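The structure under discussion appears below in the form of structure tokens.
The values are calculated or read from the model by the stated rules, or taken from the named source; none is laboratory data. The structure displayed is predicted, hence computed values, not measured ones. Cβ atoms come from the backbone with ideal geometry, glycine included; neighbour counts cover every protein chain shown.
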Amino acid sequence: MSYQAYADLVMSRLTSSHGGEGHFGDHMSLDTWEWPQGVAVYAMFKVWQATGDAKILSDLQAWYARHLAQGLPQRNINTTCPMLTMTLIYEETRQESYRPLIADWAEWVMTGLPRTREGGFQHITTHELNPGQLWDDTLFMTVLFLYRAGMALNRPDWCSEAKYQFLLHIKYLHCQENALWYHGWTFEGRHHFGRAFWARGNSWITCGAADFIEWLPADDPVRRAVLTTWQEQCLALIGLQDAATGLWHTLLDHDDSYLETSASAAIAYGLLKGVRTGLLPAECAPAARKALEGVLAMVGEDGTVGGVSYGTPVGDTVDFYRTIPIQPTAYGQGLAFLMLTEAMRL
């Protein structure tokens with residue numbers, strides 16, 4: 001099967017799904033405005049940008065129109081995620097109806113979002129305030145949007161804040177000993193919770209920083225700092241890749257934790273893009289391709305991406321991460337689709 005056929009299958013499984021019974025339902029559907037859906041529409045945008053397929057753009061615009069008509073949920077780190085793709089569509093189409101919401105939401109990020117010490121974006125979610133906490137998820141969910149909003153609306157102060165957030169999260173979450181990222185840090189007690197090197201948390205950096213680096217000017221010193229940190233992480237991840245499957249364990253440095261597909265897809269995206277753009281050495285290509293094939297092996301005949309762990313708050317022990325259930329999700333579909341946007345460029 002071609003990469004394009006895989007991409008069509010993975011996305012058709014998501015777009016035809018409308019949730020289900022129990023608390024997993026909203027995570028395998030595009031009917032909700034949350035971070036899993038934000039990941040999926042971001043991948044869809046990348047395909048439209050690469051192919052010019054008018055139907056994809058129409059589907060995206062219809063998705064936003066439907067949710068705007070229904071009313072958007074309370075603002076937090078995770079519900080900001082879909083705003084990234086809205087901003088990117090605005091940059092491409094200048095659809096003026098999007099501009100006021102982009103501006104208002106970005107101002108909320110700047111002035112309404114709770115902050116930690118040193119001005120970090122507190123990782124508030126739909127259910128938890130998480131006072132004083134920095135999570136690696138935040139960079140993908142909110143900071144990418146803030147930077148693109150600054151670019152789209154000519155607000156260099158927003159771009160500068162996005163850069164600061166990357167540097168602050170590097171300061172507190174990037175481990176100097178092994179180049180991996182801790183899931184979270186709290187200023188209340190000043191610790192890394194269970195000191196877990198969680199795979200999907202790391203993968204938000206592998207894929208999100210790959211795009212952030214691309215957006216920054218070549219001579220920007222912040223780009224240099226983010227790039228070298230990202231390169232170190234990518235090389236460390238390759239050393240932890242499962243030799244048999246090409247995937248990564250949900251606890252990266254614990255081989256007795258289960259292999260997890262969504263993180264592996266996001267890592268594969270970052271590695272594939274890094275090799276393609278020359279930001280990673282060509283020697284990384286075999287690992288990137290092995291990860292790609294490993295993720296594709298987890299795609300079922302109906303397009304369901306298997307082996308995806310459910311939404312995961314910061315755990316106080318590493319054992320907490322071992323118990324997160326496996327469940328098909330919109331972000332599992334979306335991250336596999338995102339990976340395939342790079343695979344189709346091979």
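A few points about this structure:
- Unique residue being of a type in the set (Ser, Thr, Tyr), more than 29 Å from Phe187 (Cα to Cα) and either without any contact (Cβ under 8 Å) to a residue 24 or more places away in the chain or in contact with a helix residue (DSSP H, G or I) (Cβ under 6 Å, 6 or more places away or on another chain) (or both) when the list is Thr87, Thr125: Thr87
- The residues of region 114-142 that are outside any helix (DSSP H, G or I), under 20 Å from the mean Cα position of the chain (by Cα) and of a type in the set (S, T, N, Q), listed by number, are Gln122, Thr125, Thr126, Asn130, Gln133.
- Lone unmet requirement of (1) within 19 Å of the chain's Cα centre (by Cα); (2) more than 22 Å from Val314 (Cβ to Cβ); (3) surrounded by 22 or more Cβ atoms within 10 Å (Cβ to Cβ) for Gly246: (1)
- Residue check for Ser160: assigned to a helix (DSSP H, G or I), farther than 30 Å from Leu235 by Cβ and small (Gly, Ala, Ser): no
- Only a single criterion out of (1) in contact with a strand residue (DSSP E or B) (Cβ under 8 Å, 6 or more places away or on another chain); (2) within 30 Å of Glu92 (Cα to Cα); (3) not in a loop (DSSP other than H, G, I, E, B) is not satisfied by Phe145, namely (1).
- Criterion violated by Ile102 - all others in (1) at pLDDT below 95; (2) farther than 28 Å from Ala263 by Cα satisfied: (1)
- Boolean, Gly189 is more than 17 Å from Val39 (Cβ to Cβ), buried (at least 24 other Cβ atoms within 10 Å of the Cβ) and not charged (D, E, K, R): no
- Search result, residues across region 250-262 that are crowded, with 23+ Cβ neighbours inside 10 Å and either touching a His at 6+ places or on another chain (Cβ under 9 Å) or not aliphatic (A, V, I, L, M) (or both): Thr250, Glu260, Thr261, Ser262
- Residue match in region 270-286 (condition: under 22 Å from Thr138 (Cβ atoms), hydrophobic (A, V, I, L, M, F, W, C) and within 20 Å of the chain's Cα centre (by Cα)): no
- Scanning region 325-342 for residues that are surrounded by fewer than 23 Cβ atoms within 10 Å (Cβ to Cβ) and among the aliphatic types (A, V, I, L, M) turns up just one, Ile326.
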